[in-house]
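Each value in this text was obtained by applying a stated rule to the coordinates, not by laboratory testing. Only a predicted model underlies this, so the values are computations on that prediction, with no experimental measurement involved. Note that we place each Cβ from the backbone using ideal geometry, even for glycine, and neighbour counts take in every protein chain shown.
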Amino acid sequence: MRTTLRAVRAVSARRVGSLATAKPALRTAPFLASAAAGFRVEAATALLQSCGRRNYSAAVTKVVRPTAEMYPEIVRDARFGELTAADVEYFKSILPESAILQDDQDLSGYNIDSMRKYNGQSRLVLKPRTTEEVSKIMKHCGERKLAVVPQGGNTGLVGGSVPVFDEIVISLANMNKIRSFDEVSGIIVVDAGCILEATDSFLAEHGYIFPLDLGAKGSCHIGGNVATNAGGLRLLRYGSLHGSVLGVEAVMADGTVVNGLGKLRKDNTGYDIKQLFIGSEGTLGVITGVSVLCPKRSKVVNVAFFGLDSYEKVQQAFVKAKSELGEVLSAFEFMDRESQIQVARFSELRRPLDEQHNFYVLVETSGSNREHDDEKLQNYLEGLMESEIIDDGVVAQDETQLKNIWTWREGIPESLARTGGVYKYDVSIPLEDLYLMVEDCRARLIEKGYEIGTEASNIVSVVGYGHLGDGNLHLNVAVKSYDKAIEKVLEPWVYEWIQKRQGSISAEHGLGFAKRPFLKYSKDQSMINLMKQVKEIYDPNGIMNPYKYI
Amino acid sequence: MPPRLNIVVPVKRVIDYAIKPRVNAAKNIVETNGVKFSLNPFCEIAVEEAVRLRESNKDLVESITLVSAGSAKAQDALRSGLAMGADKAALIECPGIDDSKLLSLEPLAVAKLLKAYVDKSGANLVIMGKQAIDDDANQTGQMLAGLLNWSQATNASKVDVAEDGTVSVTREVDGGSETLAAKLPMVITTDLRLNVPRYTKLQDIMKAKKKKTDKLSPADLGVDITPRLETVSLADPPKRVGGAKVDSVDSLISKLKEVGAI
């Protein structure tokens with residue numbers, strides 16, 4: 001975690017720096033720190049950055065109980081070798097000293113997940129710098145049957161990137177170079193440990209954009225994004241990583257390097273094996289490099305934010321957006337009233353709308369011609385007002401407002417996490433039923449005798465928000481502290497609810513450790529069997545990220 | 001009952017605050033091609049303050065008029081301000097001024113244009129940004145007050161209008177705050193802490209389309225806007241050199257010695 005934090009700090013320093021130098025006028029204004037407009041900008045930056053950090057500081061003092069203690073039903077696989085001094089000696093022979101961490105304090109950041117829900121017991125973190133070093137490590141681990149967990153920025157939400165017992169953590173943080181970028185095709189080849197935001201900034205300088213964007217961008221690694229098939233805010237426009245990732249370089253459980261760093265859009269030559277790695281969550285091999293097709297960055301971005309009375313109307317607004325904004329529509333995010341109340345508790349920013357509404361929608365357009373986009377958005381919004389689909393709305397008038405409005409969506413996970421703990425459900429459900437899930441969840445908790453949001457109750461809030469454009473709901477139950485009894489009320493009820501509607505129990509976060517027992521609710525047994533066979537072929541000893549979903 | 005306020009708010013269209021300005025390859029202008037422009041943040045605060053004065057006391061404010069000088073595109077800044085709640089606007093279209101030549105419309109010329117406009121309009125209060133974030137001159141407000149021979153209160157962080165028509169303005173100065181009081185007419189320039197401007201509502205954007213914008217020219221106002229300054233050269237600020245890591249205290253000390261810091 002130390003490295004992660006350092007990376008975030010580096011990014012934030014740069015961002016603050018660029019803000020400060022952008023306009024000397026504002027910097028030299030007296031009392032800048034709290035001066036009105038200056039403050040708006042800084043608060044926005046701070047909130048955005050802390051989103052990236054996924055609430056590391058808020059619960060930092062709380063002790064996270066070892067996963068093995070919390071889940072006694074999981075036992076260490078006896079087939080795995082135990083780490084010996086000789087193993088460490090071997091690693092020292094192939095890696096510099098600074099790439100080997102054994103100190104308790106150093107290890108905790110790699111053992112504990114970003115939700116502070118799971119705590120592994122790894123005694124060793126290795127931080128290779130090259131694919132070759134990863135290969136040597138895996139060859140040794142394969143021979144010795146030492147279990148490993150590949151780890152990126154450790155920003156995952158399902159406990160997939162942290163060990164459960166004594167698995168060796170292979171952190172890709174030191175593999176952070178951009179290998180190549182082609183200005184004509186927009187294809188970038190990166191090391192797995194490249195930080196998403198840093199890569200996107202690099203692309204921005206060349207007029208391109210990374211096809212993925214998500215709240216943890218300041219810390220998460222592209223290798224981790226690919227391994228978990230992360231979805232995020234740009235999926236509506238640019239599609240999933242299954243489409244934009246053109247090639248994957250990975251190291252298998254026996255140390256074999258698989259060179260699949262293709263740079264071709266079209267390649268119909270047999271099985272598309274790289275697709276197996278996308279979303280494999282480290283269970284097949286260690287992704288060390290990725291080639292990605294990046295689209296041109298839009299010159300003109302507009303953001304509107306509006307309040308609506310019912311979920312029914314949210315859907316109407318979406319249908320209209322698809323037909324009237326068409327190709328410039330780049331995000332359609334919805335948030336409920338409760339989620340905005342939570343953000344408001346911690347945000348210093350002015351709320352975009354003065355009055356409260358049952359639902360809020362953030363619409364973003366990205367295009368290349370300002371007049372064209374403005375006119376489209378204007379007509380769309382006027383249509384919404386006239387047909388009384390929306391109650392109220394605002395349009396960002398400048399870049400600062402645009403960023404501030406986004407924090408009301410991106411700041412939700414951060415503000416919820418500040419309450420203590422969050423039970424997160426990231427689900428795909430057919431659109432018409434999407435919000436019903438949140439209402440049913442509240443009703444179920446109340447029926448089971450829980451109070452929501454009172455002084456005495458452990459449950460702070462039950463909120464729903466998400467990527468409506470992708471049929472992806474985030475149902476979050478924020479609690480003051482994690483409680484097994486609440487977990488039992490929610491699970492497997494949530495998954496059964498989803499199964500009944502043929503939804504997915506994980507739209508974009510993956511399965512990891514948290515959703516390990518629930519795969520059957522989304523995947524047919526015959527599919528699970530095939531997955532197991534694939535795992536058996538590529539990782540016969542099961543040393544790749546064990547105890548997780550497969 | 002204080003006298004009714006007729007407020008003029010001069011506004012300027014500038015390169016968006018969040019965009020990093022770049023000098024063009026020929027090093028003679030700031031690159032404006034394809035760059036996003038917005039209402040100057042200090043002007044935004046000025047409009048917000050005028051609208052708040054009206055909201056705080058409905059009878060106090062009779063009119064809020066925006067005025068902008070520049071190219072036809074200054075209309076965008078006026079539209080933003082109208083959507084925030086101003087009643088009407090005037091655009092002083094200056095021949096020969098486009099985005100790339102905004103800096104050649106100098107503070108004194110703008111102050112003269114504004115003086116002529118304010119004289120005509122019968123306003124008794126001018127609220128304007130203390131500076132535009134493109135040339136950072138921080139001169140126009142003061143010059144305007146001088147030309148009009150009105151009271152002036154710059155860098156306002158709080159504005160109050162008393163029953164007897166006395167306007168008190170709190171301004172931030174080194175080491176604290178200072179409160180000035182003066183009778184109308186008056187020029188107030190706004191600082192960052194005065195208020196947080198509102199988001200622009202859709203219905204207000206729609207309403208703003210129906211509001212009137214007068215078009216004027218410097219000739220109509222009898223003002224010569226010929227630049228008196230010559231831009232000798234333009235340069236980007238020096239690039240920051242990246243830091244370096246040291247692995248021990250000794251090497252830190254030797255590095256510091258190397259650069260003469262100790």
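With a 10 Å cut-off around each Cβ of B:14-27, the average count of Cβ atoms from other chains is 3.
Exposure proxy ranking for A:Glu432, A:Glu508, based on other Cβ atoms within 10 angstrom of each Cβ and starting from the fewest, stands as A:Glu432, A:Glu508.
Compared with the direct C-alpha span, the chain from A:Ser457 to A:Asn529 gains 21.7 nm at full extension, assuming 0.36 nm per residue. The alpha-carbon atoms of the stretch A:300-414 define a convex hull whose volume equals 93 cubic angstrom per residue.
Radius of gyration over Kirkwood radius for chain B, both on Cα atoms: the Rg/Rh ratio is 1.07. Compared with the alpha-carbon gap, the fully stretched path from B:Asp204 to B:Lys239 is longer by 8.3 nm at 0.36 nm per residue. Considering only Cα atoms, the convex hull volume of the stretch A:178-293 works out to 99 Å³ per residue. Scalar couplings 3J(HN,Hα) for the stretch B:155-164, obtained by applying the Karplus form with A = 6.51, B = -1.76, C = 1.60 to θ = phi - 60°, are 6, 6, 10, 7, 10, 10, 10, 7, 4, 8 Hz; x denotes Gly and Pro. For the stretch A:330-342, 3J(HN,Hα) computed residue by residue from phi via the Karplus equation (6.51, -1.76, 1.60; θ = phi - 60°) reads 10, 7, 9, 10, 10, 9, 9, 4, 4, 5, 6, 5, 5 Hz, glycine and proline entered as x. One Cα centroid belongs to the stretch B:113-162, the other to the stretch A:398-466; the line between them spans 48 Å. To the nearest ten degrees, helix B:41-56 and the longest principal axis of the Cα atoms of chain B are 40 degrees apart. The label point for B:Val196 and the one for A:Glu348, both projected 7 Å from the Cα toward the Cβ, are 0.9 nm apart. Our estimate of slack between A:Phe202 and A:Lys320, defined as 0.36 nm per intervening residue step minus the Cα-Cα distance, is 39.0 nm. In this structure the amide hydrogen of A:Arg179, modeled in the peptide plane, comes within under 5 Å of the amide hydrogens of A:Val189, A:Val190, A:Asp191, none closer than 5 places in sequence on its chain. Normalised radius of gyration (Cα atoms, divided by 2.2 N^0.38 Å) for the protein assembly as shown: 1.05. Estimated from the Cβ-Cβ distance and a Förster radius of 30 angstrom, the FRET efficiency linking A:Ser368 and A:Arg501 is about 0.20.
Compute the separation of the alpha-carbon centres of the stretch A:91-129 and the stretch A:507-544 and state it in Å as a whole number. Between the Cα centres of the stretch A:91-129 and the stretch A:507-544 lies a distance of 26 Å. Peptide A:385-396 is shielded by partner chain Cβ atoms: per residue, an average of 3 of them sit within 10 Å of its Cβ.
Annotation: amide H of A:Asp392 within the under-5 Å range of A:Gly307, sequence separation 5 or more or interchain, hydrogens built in the peptide plane. Mark the label point 7 Å from the Cα of B:Thr213 along Cα→Cβ and return the residues of the stretch A:372-397 whose backbone N is within less than 19 Å of it. Only A:372-379, A:395-397 fall inside the zone, counting backbone N under 19 Å.
In µm²/s, what is D for the stretch B:1-110 at 25 °C and 0.890 mPa s, where D = kT/(6 pi eta Rh) by Stokes-Einstein and Rh is the Kirkwood radius from Cα pairs? Answer from the Stokes-Einstein relation: 163 µm²/s. With a Förster radius of 35 Å applied to the beta-carbon distance between B:Ala181 and B:Asp87, the computed FRET efficiency rounds to 0.80. Within the stretch B:5-258, DSSP assigns beta bridges of which about 40% are antiparallel (rounded to the nearest 5). Separation of the stretch B:219-262 and the stretch B:40-111, taken as the distance between their Cα centroids, equals 33 angstrom.
If you take all other residues with their beta carbon under 10 Å from the beta carbon of A:Tyr380, and give Lys and Arg +1 and Asp and Glu -1, the sum is -1.
Peptide B:33-44 has a mean shielding of 4, counted as Cβ atoms of other protein chains within 10 Å of each residue's Cβ.
Here's the picture: charge each Lys and Arg Cβ at +1 and each Asp and Glu Cβ at -1 in chain B, and of B:Val61, B:Leu91, B:Val173 the one pushed furthest to the positive end of that dipole is B:Leu91. Sequence-ordered 3J(HN,Hα) estimates for the stretch A:215-228 from the Karplus curve with 6.51, -1.76 and 1.60 and θ = phi - 60° stand at x, 8, 4, x, 10, 6, 9, 5, x, x, 4, 6, 4, 9 Hz, glycine and proline given as x. Sorting A:489-496, B:63-70, B:235-242 by average packing, meaning the other beta carbons within 10 Å per residue, from highest down gives B:63-70, A:489-496, B:235-242. Farthest toward the positive end of the dipole of the stretch A:419-509, out of A:Val460, A:Tyr425, A:Ala485, is the Cα of A:Ala485, where the dipole comes from beta carbon charges about the Cα centre. Between B:Glu258 and A:Arg179, the modelled label-to-label distance comes to 3.3 nm, taking each label 7 Å out from Cα in the direction of the beta carbon. Judged by the gyration tensor of its Cα atoms, with axes a ≥ b ≥ c, the stretch B:126-262 is prolate; a/c meets the 1.5 cut and a/b is the larger of a/b and b/c. Projected label points at A:Ser387 and B:Val23, each 7 Å from Cα along the beta carbon direction, are separated by 5.3 nanometres.
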